[in-house]
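Following: one structure in structure tokens, then a few remarks.
The values are calculated or read from the model by the stated rules, or taken from the named source; none is laboratory data. Treat the numbers as computed from the prediction; the structure is a model and nothing was measured. Using ideal geometry, Cβ is built from the backbone for each residue, glycine included, and neighbour counts are taken over all protein chains shown.
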Amino acid sequence: MEHIFMTGSPQFDTLDAQTREAVEFIVISCLDVCYAQTDWYRNLGAKEAEYLRIILLTAVTDYVEYTRTHALDKTHHEHISADNLFNLAPLETTFEITLENVIDAIRIVVDIIEDHIELFAPAGQEAAYVRAAMYFSREAAFSAARIYGRVAATRSIWDTRDEAFIIESLLNQDYSPSLQARIANFKWQPAERFFGVVGNFDTSNSLHSGFIQADFRNAILKLGGQACITSHDSYTILLVGMGEESSRQPFLEVMAELFEKIPAVCYGPVRSRLEGASASLRAAVNGFKARFAYPDHPNPMRAEDLLAERALFGDVDAQDELYDKVYAPMKREEHKTQILSTLKNYLFTSFSLEKTARALNVHPNTIRYRLKKSVQLTGWDATDSHEAYVLLTAIKIGLHKDALALMHQ
């Protein structure tokens with residue numbers, strides 16, 4: 001057999017040439033034995049076989065590093081984690097290479113190391129190095145079993161392809177019978193309340209990403225909710241069905257610790273039914289994409305706080321919300337409150353109470369009073385720099401839409 005090696009561990013490159021050659025010899029010998037004595041290895045695809053090489057190369061390299069420190073220490077009982085053995089292999093690897101296969105390969109590696117222990121052990125220390133190989137392999141096998149157990153729990157709840165289809169359909173506002181059939185697996189109620197979450201999950205390898213997703217699922221399940229999760233481009237999307245909860249706050253509180261592991265997170269508003277789920281997902285995705293226009297944004301972010309940035313980059317839902325919930329109420333109340341004209345002057349020209357008061361021929365206290373009333377009417381404070389930008393954007397959208405309506409008339 002021809003073997004092409006890919007470095008699977010950063011430590012491998014730090015080994016001296018003689019030790020690297022010894023590690024490669026052990027791995028090649030193991031794969032040759034696997035090929036000669038097992039059916040499962042011969043049935044692996046080229047990609048899976050290459051990932052197995054990486055896993056074994058990493059394992060033997062880690063053994064070498066372990067023996068340099070602990071081979072002669074009979075009292076050392078460090079628990080060894082095999083997580084890093086899978087860091088360069090995707091989650092799908094565990095579908096093709098079973099735990100039984102991994103244990104089989106570990107056993108073969110240990111036998112070969114024992115037969116060629118002189119490659120690693122100084123003269124007179126062979127027994128200690130064999131004993132270290134036995135201990136290391138046992139701990140690695142236990143750790144691998146834990147890894148595979150978590151993988152099984154992670155992937156047994158939902159079919160990832162169905163979840164990807166559900167999220168994609170909702171983002172595209174496609175409520176076809178195919179979506180309805182897949183949604184049925186979640187047992188969501190007809191009037192279920194939802195909110196979307198989008199974040200930069202660690203997708204450097206899908207095994208680790210899958211574990212983070214499993215943590216989110218478990219946190220949501222504890223509150224009686226259910227999560228539909230998929231990776232999309234360079235980010236991860238969650239749709240949270242809230243069950244009997246009426247507020248997203250309990251979910252955000254239990255997920256707060258998990259959010260700390262993610263560089264950027266945006267969550268959408270609570271909405272009902274599938275149409276609402278679609279709206280919340282779109283808001284979260286567009287808010288996440290628009291976050292760069294709001295450099296000092298908090299983390300996690302509310303999509304509602306990014307209305308202006310979303311509108312700037314073409315989010316029609318955000319534009320409509322700014323018109324309907326911010327501009328339109330001011331326009332309706334203008335004849336009684338003069339809030340709209342006051343904000344236009346204040347935001348478009350000076351951001352100064354005195355200058356706005358002179359322009360409108362009123363006392364500065366009147367401007368101050370109207371600005372306070374505008375907060376009650378719109379929910380946004382013109383004296384806060386970011387909220388002033390939201391109001392400014394809403395007014396510009398309103399003026400533009402009103403002008404278009406007049407033109408069409």
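Scanning region 355-409 for residues that are in contact with a Leu (Cβ under 7 Å, 6 or more places away or on another chain) and assigned to a loop (DSSP other than H, G, I, E, B) yields TRP380, ALA382, THR383.
Region 26-110 holds helices (runs of 4 or more DSSP H) entirely within its bounds, and those carrying 2 or more residues that are at pLDDT below 85, in contact with a Ser or Thr (Cβ under 7 Å, 6 or more places away or on another chain) and in the same structural domain as ARG131 (by the TED database) map to 46-70. Of the helices (runs of 4 or more DSSP H) lying entirely inside region 290-354, those containing at least 2 residues that are within 26 Å of ARG370 (Cβ to Cβ) and of a type in the set (S, T, N, Q) span 339-345. Listed by first and then second residue, the pairs with beta-carbon distance under 7 Å, at least 6 apart or on different chains, first residue in region 9-38 and without any contact (Cβ under 8 Å) to a residue 12 or more places away in the chain, second in a helix (DSSP H, G or I) and surrounded by 13 or more Cβ atoms within 10 Å (Cβ to Cβ), are ARG20/PHE12. Residues that are of a type in the set (A, V, I, L, M, F, W, C), more than 17 Å from PHE195 (Cα to Cα) and at pLDDT 95 or above within region 291-311 comprise ALA308, ALA311, listed in sequence order. Checked against (1) surrounded by 23 or more Cβ atoms within 10 Å (Cβ to Cβ); (2) in contact with a strand residue (DSSP E or B) (Cβ under 7 Å, 6 or more places away or on another chain); (3) assigned to a helix (DSSP H, G or I), GLY276 passes all but a single condition, namely (1). Kindly indicate whether GLN338 is among the polar types (S, T, N, Q), out of contact with any helix residue (DSSP H, G or I) (no Cβ under 9 Å at 6 or more places or on another chain) and more than 30 Å from ALA264 (Cα to Cα). So GLN338 fails the test. Contact map, region 248-262: residues that are in the same structural domain as GLU192 (by the TED database) paired with residues that are of a type in the set (Phe, Trp, Tyr) and at pLDDT 80 or above, Cβ distance under 8 Å, separation 6+ or inter-chain. Pairs shown: ARG248/PHE195; ARG248/TYR267; PHE251/PHE195; LEU252/TYR267; MET255/PHE216; LEU258/PHE216.
Taking the criterion of being buried (at least 21 other Cβ atoms within 10 Å of the Cβ), of a type in the set (A, V, I, L, M), farther than 16 Å from ALA164 by Cα and at pLDDT 60 or above, the only residue of region 198-220 that qualifies is ILE220.
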